[in-house]
Amino acid sequence: MTTIHTNPGALVAQATLRNVTASLDRVAKQVQTGYKVADAKDDASTFSVAQGLRSNIASLGAVQQSLSGAVGLAEVGLAGATAVSNLFTDIKSKLTQLADTSITATQRTTYSTDLKDLSQQAKDLISQAKFNGTNLLNNATAVNFIADVVGTQIAVTGVDVFTTASTFNASIGASVTATTARTFLNSSSNTLDNFVAASNNALSGIAGDLRAIESQNNFSKAISDATEKGLGALVDADLAKASSKLQALQAQQQLSTQAITIANQAPSVLLALFR
C-alpha cells in the first residue's frame with residue numbers, strides 16, 4: 001500500500017539509523033575515553049566495583065608514600081651509624097699511639113688533639129643524621145609508619161648513640177696519658193666500649209628495620225600493580241577492536257542515511273498518477 005500519511009520504509013530506516021547512531025556513540029566514547037565502562041551509565045555494577053578498586057589503589061599509594069618515608073629515615077640513620085663506625089679504626093689507632101710511654105709530650109698533645117677531633121667528628125655525624133626532622137641516633141624512640149590499607153603499623157627504632165659519644169668525648173682530656181689510653185683499649189673503662197656497642201646496635205637494629213620496611217614496600221607495590229591490572233581488565237577498552245568497530249558503524253550510519261533518503265522518495269511515485 002502506498003500512502004502519503006505513513007511511510008513504513010522511512011520508519012524502518014529511521015529506527016535502524018537510531019540504533020546504529022546509539023552504537024556509534026558508545027564505541028566513539030570508548031575510543032575517546034579509553035574505557036569500555038567510563039561511568040555508571042555504561043555499566044552501573046562494574047563501575048561500582050571499579051570505583052572500589054580505584055579507592056584501594058589510592059590507599060596503597062598513600063601506604064607506599066609512608067613506607068618510602070620510613071626507608072628514607074632508616075637509610076639516613078644507617079648511613080650515620082656506618083660513618084661513625086668507620087671512625088673507630090682511627091680512634092683505636094690513635095689510642096694505641098697514646099698508650100706508648102716513649103712518645104714526647106708534644107706528640108702526646110698532638111695525638112690527644114687528633115683523638116678529640118675524631119670524637120667530636122663522631123658527635124657531629126650523629127647530629128647530622130636527620131631525616132625530616134627525626135634523628136634515629138640520638139634517641140631510642142620507635143617511629144611508626146602505616147604499612148597497609150587497614151592501618152597496620154611498622155616501626156623504625158632508634159638507638160641513642162649520641163649519649164655514649166658525648167660521654168666518650170667528655171672523657172678525653174687535653175693530654176691523654178698512656179695509662180688512660182690503655183684503660184680505653186683494655187676495656188677497664190666502659191666509655192669507649194659503650195660507644196662502640198651503641199653504634200653496633202644501631203647498625204644491626206636499623207638495618208633489620210630497613211629490610212622489613214623494604215620488603216613491606218615491595219609487597220605493597222605488588223598488590224597495587226595487581227589491583228591496577230584487575231581494574232584495567234574490568235573497565236579498559238580494547239582500542240584496536242573499538243576503532244575497527246567505529247569504522248564499521250560509520251559505514252552503517254551512512255547506509256542508513258541513504259536508506260532514509262530512498263524511503264522518503266517513495267511517495268513521489270504517486271505524482272506520476274496525476275500527470
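The values are calculated or read from the model by the stated rules, or taken from the named source; none is laboratory data. Predicted model, so just to flag it, every value in this text is computed and none were measured. Virtual Cβ from ideal backbone geometry, glycine too; neighbours counted across all protein chains shown.
Check Q32, Q14, Q65 and return the single one that is within 20 Å of the chain's Cα centre (by Cα) and part of a helix (DSSP H, G or I). Quick ask: steps written out before the conclusion?
On the way: Q32 fails: within 20 Å of the chain's Cα centre (by Cα); Q14 fails: within 20 Å of the chain's Cα centre (by Cα).
None of the others qualify; the one that does is Q65.
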ask   = What's the number of the condition G72 fails, among (1) touching a residue at least 60 places away in the same chain (Cβ under 8 Å); (2) surrounded by 16 or more Cβ atoms within 10 Å (Cβ to Cβ)?
value = (2)
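Looking at segment 160-174, which of the residues that are among the small types (G, A, S) and surrounded by 15 or more Cβ atoms within 10 Å (Cβ to Cβ) is nearest to L203 (Cα to Cα)? First the steps, then the outcome.
Here is the first cut: in segment 160-174, the residues among the small types (G, A, S) are 165-166, 170-171, 173-174.
Next cut, surrounded by 15 or more Cβ atoms within 10 Å (Cβ to Cβ) only: 165-166, 171.
On the way: A165: 15, S166: 18, S171: 24 Å.
Residue satisfying both the conditions and the ranking: A165.
Within segment 141-167, restricting attention to residues that are of a type in the set (V, I, T) and touching a Phe, Trp or Tyr at 6+ places or on another chain (Cβ under 7 Å), which residue is farthest from N218 (Cα to Cα)? Spell out how you get there, then give the answer.
From segment 141-167, those of a type in the set (V, I, T) are 141, 143, 146, 149-150, 152, 154, 156-157, 159, 161, 163-164, 167; that's our starting set.
From what is left, the residues that are touching a Phe, Trp or Tyr at 6+ places or on another chain (Cβ under 7 Å) are 154, 164.
On the way: I154: 14, T164: 35 Å.
That would be T164.
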query = If we scan segment 35-44, do we find a residue that is of a type outside the set (S, T, Y), assigned to a helix (DSSP H, G or I) and in contact (Cβ under 8 Å) with a residue 24 or more places away in the chain?
reply = no
message = Go through segment 130-148 and report how many residues are in contact with a strand residue (DSSP E or B) (Cβ under 7 Å, 6 or more places away or on another chain) and assigned to a strand (DSSP E or B).
response = 6
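To keep it simple, each residue is scored yes or no on (1) outside the structural domain of D193 (by TED's automatic domain parsing); (2) touching a helix residue (DSSP H, G or I) at 6+ places or on another chain (Cβ under 8 Å).
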position: D39; (1), (2): yes, yes
position: S59; (1), (2): no, no
position: A74; (1), (2): no, yes
position: G80; (1), (2): no, yes
position: Q97; (1), (2): no, yes
position: A105; (1), (2): no, no
position: R108; (1), (2): no, yes
position: Y111; (1), (2): no, yes
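For segment 149-159, state whether one or more residues are in a helix (DSSP H, G or I), free of Cβ contacts under 8 Å to residues at least 40 places away in the same chain and among the polar types (S, T, N, Q). Reasoning before the result, please.
If we filter segment 149-159 for residues that are in a helix (DSSP H, G or I), which is where we start, we get none.
Among the residues of segment 149-159, not one is in a helix (DSSP H, G or I), free of Cβ contacts under 8 Å to residues at least 40 places away in the same chain and among the polar types (S, T, N, Q), which makes the answer no.
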ask   = Quick one: would you say K123 is in contact (Cβ under 8 Å) with a residue 60 or more places away in the chain, surrounded by fewer than 20 Cβ atoms within 10 Å (Cβ to Cβ), of a type in the set (K, R) and part of a helix (DSSP H, G or I)?
value = no
